[in-house]
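K.L.:
Here it is: the structure, laid out below.
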């Protein structure tokens with residue numbers, strides 16, 4: 001089952017039965033050669049490895065950072081470890097990488113096959129119960145990134161359970177992209193550590209994988225990839241444009257949702273070193289109705305930008321300096337760290353790329369909107385986390401002009417704003433937090449007003465636990481977040497939309513012709529009373545709301561979960577609310593009870609209650625409206 005409170009403990013054991021069916025920079029600033037500007041300083045928290053470096057030295061560096069980051073869930077340290085093209089580790093001496101919080105591991109090749117790790121890249125369960133092994137799980141394994149390399153899984157020297165797979169036991173805000181994995185099974189849960197072994201992820205894209213054990217993962221999206229096989233599903237597993245994906249004809253047993261192609265996609269930009277040793281950023285092109293990996297025939301289609309085309313920012317750089325560089329036509333590369341943002345970073349030029357390394361984090365100061373994107377086509381924001389601050393912000397990231405809420409975002413220019421379906425503004429691995437490391441307040445986390453926007457994996461989180469220094473019962477009036485995602489633009493697509501714990505509608509979709517491929521939501525844990533959780537005369541706010549004036553909308557694979565830990569008597573009338581019109585269709589949706597509270601219906605009064613008589617047992621609807 002899903003987590004509860006700060007420990008995210010869970011009480012069911014159903015998951016256990018599913019499992020078995022050049023220059024080297026190691027310290028100090030990392031630099032990259034540039035043809036016209038000497039060296040580029042990526043900052044002290046970027047380490048670049050070269051294959052000539054002894055495996056033992058690389059191993060020691062990575063082991064040291066893992067030791068500091070494995071439990072640093074609410075910390076401020078951020079790191080990126082980048083591998084130049086070549087092979088790391090040998091058959092006799094494999095490289096074994098363990099990935100902790102706020103760590104990015106990435107290859108610097110033009111193709112994932114250019115960097116080969118002989119060994120493993122893994123995440124294990126955390127054991128949270130008094131330092132022992134009575135509560136070992138992956139439910140809080142957030143904020144880490146793995147991309148653009150090959151893993152030849154090598155278990156030399158390992159024995160027993162650990163030799164059975166490469167383990168990637170994670171939950172939200174974790175992405176795997178552009179991977180080529182071979183040699184052993186990839187397991188998305190850690191079944192070697194003592195139980196309960198729960199996990200709640202997750203996202204894979206543009207990867208070629210062996211047989212995958214999903215195990216206890218409650219929900220997962222794999223997009224535009226190849227898999228040799230897939231075993232198990234808990235509540236909601238979605239495959240979009242995946243060669244080798246299982247059939248979904250028997251839904252909900254197993255709970256698979258399979259799309260042959262992905263209607264709109266764009267792969268995340270990536271840093272690479274070319275044949276001359278120069279650093280560049282590849283910006284993949286958008287695709288329509290795509291399937292499989294983007295790099296099968298060579299370099300991923302798109303455009304290449306020189307690193308000299310970027311302003312390489314550090315947390316010490318002011319927003320004034322960053323905006324001046326953007327206005328001059330520079331793209332923006334955010335090196336790892338936490339940036340205090342007291343006025344908006346303004347992205348005004350079409351096709352601008354903002355790329356974060358090592359989970360670069362923008363924190364709102366004095367009620368600012370940290371990131372504001374104009375109504376222009378082709379902007380790409382990737383690898384950035386946006387945190388609410390102590391003073392309430394109106395919004396944390398806005399895409400497009402705010403056209404007013406009284407008409408659901410439909411101003412006189414609606415439908416005529418500059419946008420291009422073939423070049424959508426794209427958000428890839430962009431994460432939001434309201435609370436957690438510190439008190440956070442915002443009206444809305446993500447607001448999309450532009451048309452033709454692609455949201456490719458986001459976690460929009462109002463914290464259900466953290467280091468703020470107050471109890472769960474105090475959180476409701478301290479960490480303020482009204483809506484997680486508000487979508488006012490038309491023709492917006494979301495592939496991997498995770499939104500949790502907001503105090504009204506978690507997601508409001510007012511634009512027409514919207515598509516969501518995998519939606520995961522937990523309602524807030526912390527309303528004190530039913531009176532605090534009322535939408536006028538209606539009990540509660542749906543986890544996913546499609547606006548009353550919307551004519552066309554499609555959702556594939558959606559789940560809304562309830563755990564009203566502060567007051568188990570609280571009811572929510574519907575998990576989903578949508579207008580009754582033929583153009584609005586929901587495929588494979590569910591609600592589930594995590595042991596407290598009740599969702600009375602799945603959608604629009606249809607579907608039985610998710611209550612404490614069926615803890616952990618979803619209430620499914622295959623199609624709404626019914627065919």
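K.L.:
Got a number for residues in the stretch 275-305 being over 12 Å from residue 111 (Cβ atoms), in contact with a strand residue (DSSP E or B) (Cβ under 8 Å, 6 or more places away or on another chain) and part of a loop (DSSP other than H, G, I, E, B)?
P.N.:
Residues flagged as over 12 Å from residue 111 (Cβ atoms), in contact with a strand residue (DSSP E or B) (Cβ under 8 Å, 6 or more places away or on another chain) and part of a loop (DSSP other than H, G, I, E, B) within the stretch 275-305 amount to 7.
K.L.:
Then there's this: Are any residues in the stretch 346-368 in a loop (DSSP other than H, G, I, E, B) and surrounded by 22 or more Cβ atoms within 10 Å (Cβ to Cβ), and if so, which ones?
P.N.:
Residue satisfying the conditions is 368 alone.
K.L.:
Kindly indicate which of 229, 132, 183 is over 23 Å from residue 499 (Cβ atoms) and not assigned by TED's automatic domain parsing to the domain that holds residue 70. Write out each step before concluding.
P.N.:
Numbers: 132 fails: not assigned by TED's automatic domain parsing to the domain that holds residue 70; 183 fails: not assigned by TED's automatic domain parsing to the domain that holds residue 70.
Going through 229, 132, 183 in turn, the sole match is 229.
K.L.:
On the basis of being part of a loop (DSSP other than H, G, I, E, B), closer than 17 Å to residue 41 by Cα and within 25 Å of the chain's Cα centre (by Cα), does residue 315 make the cut?
P.N.:
It is true that residue 315 is part of a loop (DSSP other than H, G, I, E, B), closer than 17 Å to residue 41 by Cα and within 25 Å of the chain's Cα centre (by Cα).
K.L.:
Go through 451, 407, 456, 490 for me and flag whichever is at negative phi, modelled with pLDDT under 95 and not assigned by TED's automatic domain parsing to the domain that holds residue 145.
P.N.:
Going through 451, 407, 456, 490 in turn, just one is at negative phi, modelled with pLDDT under 95 and not assigned by TED's automatic domain parsing to the domain that holds residue 145: 407.
K.L.:
Kindly indicate whether residue 86 is closer than 18 Å to residue 179 by Cα and surrounded by fewer than 24 Cβ atoms within 10 Å (Cβ to Cβ).
P.N.:
Answer is yes for this residue.
K.L.:
State whether one or more residues within the stretch 201-218 are out of contact with any strand residue (DSSP E or B) (no Cβ under 8 Å at 6 or more places or on another chain) and either buried (at least 18 other Cβ atoms within 10 Å of the Cβ) or at pLDDT 95 or above (or both).
P.N.:
no
K.L.:
For the stretch 171-200, which positions are under 11 Å from the mean Cα position of the chain (by Cα) and either at pLDDT below 95 or under 17 Å from residue 106 (Cβ atoms) (or both)?
P.N.:
Listed by number, the residues that qualify are 173, 174, 175, 176.
K.L.:
May I ask you to verify whether residue 130 is surrounded by fewer than 24 Cβ atoms within 10 Å (Cβ to Cβ) and in a loop (DSSP other than H, G, I, E, B)?
P.N.:
Judged against the criteria, residue 130 is a match.
So that you can scan it fast, the table gives a plain yes or no per residue for (1) closer than 22 Å to residue 625 by Cα; (2) assigned to a strand (DSSP E or B); (3) under 27 Å from the mean Cα position of the chain (by Cα):
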position	(1), (2), (3)
545	yes, yes, yes
551	yes, no, no
557	yes, yes, yes
560	yes, yes, yes
565	no, no, yes
569	no, no, no
581	yes, no, no
587	yes, yes, yes
592	yes, yes, yes
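K.L.:
I'd like to check which strands (runs of 3 or more DSSP E) are fully inside the stretch 1-83 and have at least 1 residues that are at pLDDT 95 or above and buried (at least 18 other Cβ atoms within 10 Å of the Cβ).
P.N.:
46-49, 79-83
K.L.:
Evaluate the following for residue 256: is it modelled with pLDDT of 95 or more, surrounded by fewer than 24 Cβ atoms within 10 Å (Cβ to Cβ) and in contact with a strand residue (DSSP E or B) (Cβ under 6 Å, 6 or more places away or on another chain)?
P.N.:
So residue 256 fits the description; yes.
The values are calculated or read from the model by the stated rules, or taken from the named source; none is laboratory data. In this text the structure is predicted, and so the values were computed from the model without any measurement. Note: ideal-geometry Cβ built from the backbone for every residue, glycine included; neighbour counts use all protein chains shown.
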